[in-house]
Amino acid sequence: MLLRVLCVAAILFFCYVYACELDQTQHGCRIDNGQCTCSYGCRSEFRYATKRECTDALKGRSSDICGRAPCMNNGHCIQISQMPGYRCRCEGTGFWGSRCQRSCPTPEDNYLVTFPVECIVI
């Protein structure tokens, strides 16, 4: 199993581990914060097979789903190959949810279900 550690620095430091089976890995590209990023990792992380496909999308020659700004509250849109074609990164925004649309709970909320990872402050 390939493990990929993704660390994002904002005001605080967060680390997440994404894993996939070796037969689910590939080299690919995605639009990440308005730029093409190419690397090797889990197939579901990459929408484009080549850097050219990715740059064509940036130039408007093909669909850039992140161009529609689906993430709310300063969430960071990353294109992926699985539906709906994007994933919102909400860490450091004070929000969580598939589109960063839900406000993080406070200690006074007595949150009884699993606390959202995006809301953990270390």
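Of all residues in segment 94-102, none are closer than 25 Å to CYS38 by Cα, touching a residue at least 24 places away in the same chain (Cβ under 8 Å) and assigned to a strand (DSSP E or B). Looking across segment 69-113, the residues that are in contact with a Cys (Cβ under 7 Å, 6 or more places away or on another chain), at pLDDT 85 or above and crowded, with 20+ Cβ neighbours inside 10 Å come down to CYS71, GLY75, CYS77, TYR86, CYS88, CYS90, THR93, PHE95, TRP96, CYS100. Selection of segment 74-93 for residues being farther than 23 Å from ILE122 by Cα and part of a loop (DSSP other than H, G, I, E, B) yields ILE80, SER81, GLN82, MET83, PRO84, GLY85.
The values are calculated or read from the model by the stated rules, or taken from the named source; none is laboratory data. Please read these numbers as outputs of a predicted model, since none were measured by experiment. Backbone-built Cβ (ideal geometry, glycine too); neighbour counts: all protein chains shown.
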